[in-house]
Each structure stands twice: as structure tokens, then as C-alpha cells.
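First comes the structure, then the notes that go with it.
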């Protein structure tokens, strides 16, 4: 559906995007994740034909953006970070105007369908300037979807929204993702975990990771920790026992409470919990708690993006 090969973008002497390649399959909700200034927005603008790459090739549904940008724009709905909507227009009139620009013939039917999907039927008669930012985002999203694009590209869609509005926009994106390919650009980690099937992490114009969200958590290159709390032994005995188990890493003491507690590192993808259970049982201790503490996306993100200075986004 979407394929980018050796994509590079320079602004003068500054390289904002550095020779990146990726592909996105039909029906995926993909998060383009990175710090502010990592190159996310520049990448999206190249995908939408707003910017021309300095070098590289982009195929959208087997159409080259460099050869037929108008056809590509028919396939894509794009919502920038600040929706470019006219505040002095009534919502219905604005969508009718947008439909006329797209040459949509059954505009009234299409507007009614999109208004229902985006949850804006109750504000169709209102002036856009009177709407909350959440509703303005919904109107911008309705505009982006009017022509029924195959691909929806959203740049920081929840920026500046309150918690309730964020939840509603996330729910809406998940619903849209059932029928369309969605690319969601953000620097908010919870946004990706709550919404996306797959993550592309970009940093300083380079791809730092590209995988499904679940795979990032279970990558064997990183470590999880297992929390163990017992009675019947002091920390020294527990620590020595845990360290002796094949596959166990460094052990750290957990302080506080009446229980003896420890945290043991283990390579993600390897499960030593049965060995821990058997060791506790053999020593005659009482096991009160054993829990796998997976690395959060935040810790993975920090590992992949720390160091270096970011500039243009």
C-alpha cells in the first residue's frame, strides 16, 4: 500500500530525513513516533506530496508520488497538526464547500455519513469558530475523509486536547482503522500504545526501530524484570538463589514491607518464572508475589532516541 525507499530530505545544508525506507500494509494503524524535531512531519509531507524528496522513491498504492501527485492525493486524506479550517463558516457549509472542491457529486449523502462517523452531527449548524478544539479536530478529520481515501494520515491529532477529547479522538481513530490504512504521527507514547498496531520510531531523521508494538515489548535485545516477594528467607539467600537460575541477570533488592523482595533481570522473550517457583518451593519458602514487569514503550523509546540534537520536524 505504502512504500518509501531511500527517502532523504535536505533543507539547505541540513538533512532532516536521512535515507529511510519502510513499507506499510493495507489496514494497519501505524504510529510514526519520535521526539519533537525528529523528522516526522517532514516525512508525512513527502508522503502527501506537499514536499518533494531530495532523493528517494515513494509509492502509494503502486503510484509514484513524483509522477502522478494528483492521483496520490485522491488516495490520501491528510489532517495536519492544526486543522486548516475556515472559522467564519458554518460546519455544514464548510464541508459542502470542501466536497465541491473535490468534485464529489453526492455531497449531501457523503457529508451525512461522515458527520455520523466523526460525531459532529450536533454541531453541523454551528460556526466553526465557536467549536472547541476537539470538535475542530473532528471537522478537520471529516474534511480529510470526505472523498473516502484509502489512506488517512494524521499529524499530532490530539495535540492540545483535554483528556476526554483525547479519548474520543483515539476511539474514532481505532474505528476508522477498521476500514482504512492510518498513519499517526505523534511524540506522545501513550497515544501509540492505545491506538497503533505498529510503530516506526524516527530520530534525527533516521529510523531507530520499525516493528509491531507487541514485538517491541518482547524484543530479545532488551530486558524485562521479574518481581519476586517471599517469606522464609532474607534477601541474601533469595538473591543467591535467583542469580543461580539459568537465564537470570542482575538481581536488585526491593525495600519496604514485611516481605523479602527482589527484582531479577531476564532477557525479554525468556521466561524463568517456572524455575523461580520451583526454587522457592524447594527451599521451603512461601511465595507471595511473582510478576513479569515488561519494559514500557517509554523506556524503549528513551533507549532508542537519547543522544544527539533534534532540529526541524
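Please treat every number below as a calculation from the coordinates, not as lab data. Small disclaimer: the values here were computed from a predicted structure and weren't measured. When we count neighbours, we look across all protein chains shown, and the Cβ atoms used for this are built from the backbone with ideal geometry, even at glycine.
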- Item | Label-point gap, in nm, between residue 299 and residue 243 - each point 7 angstrom along Cα→Cβ | 2.0
- Note on the structure: To the nearest 0.05, the calculated FRET efficiency linking residue 61 and residue 286 through their beta-carbon distance, R0 being 45 Å, is 0.15
- Please give the helix 107-118 orientation as an angle from the longest Cα principal axis of the chain, in degrees from 0 to 90, rounded to the nearest 10. 20
- Message: Report, to one decimal in Å, the Kirkwood hydrodynamic radius for the stretch 2-217 based on all distinct Cα pairs.
- Response: 17.7
- Item | Structure-based [θ]222 nm, the chain - -39500 (n - 2.57) summed over DSSP H runs of at least 4, per residue, nearest 500 | -10000 deg cm²/dmol
- Highest-MSF residue in the chain out of 152, 161, 238 [GNM, Cα springs under 10 Å]: 238
- Message: Quick check: pseudo-label points 7 Å beyond the Cα along Cα→Cβ at residue 150 and residue 127, how many nm apart are they?
- Response: 4.2
- Note on the structure: Final fewest-first order of 301, 277 on the 10 Å Cβ neighbour count is 277, 301
- Message: For Cα pairs less than 8 Å apart in space and 6+ apart in sequence, what is the mean separation divided by the residue count of the chain, i.e. the relative contact order in percent?
- Response: 21
- Note on the structure: Neighbour-count ranking for 275, 155, 234 (other C-beta within 10 angstrom, fewest to most) reads 234, 275, 155
- Query: Order of 9, 73 from fewest to most other C-beta atoms within 10 Å?
  - Reply: 73, 9
- For the stretch 223-294, average projected area of the Cα convex hull in nm²: 4.1
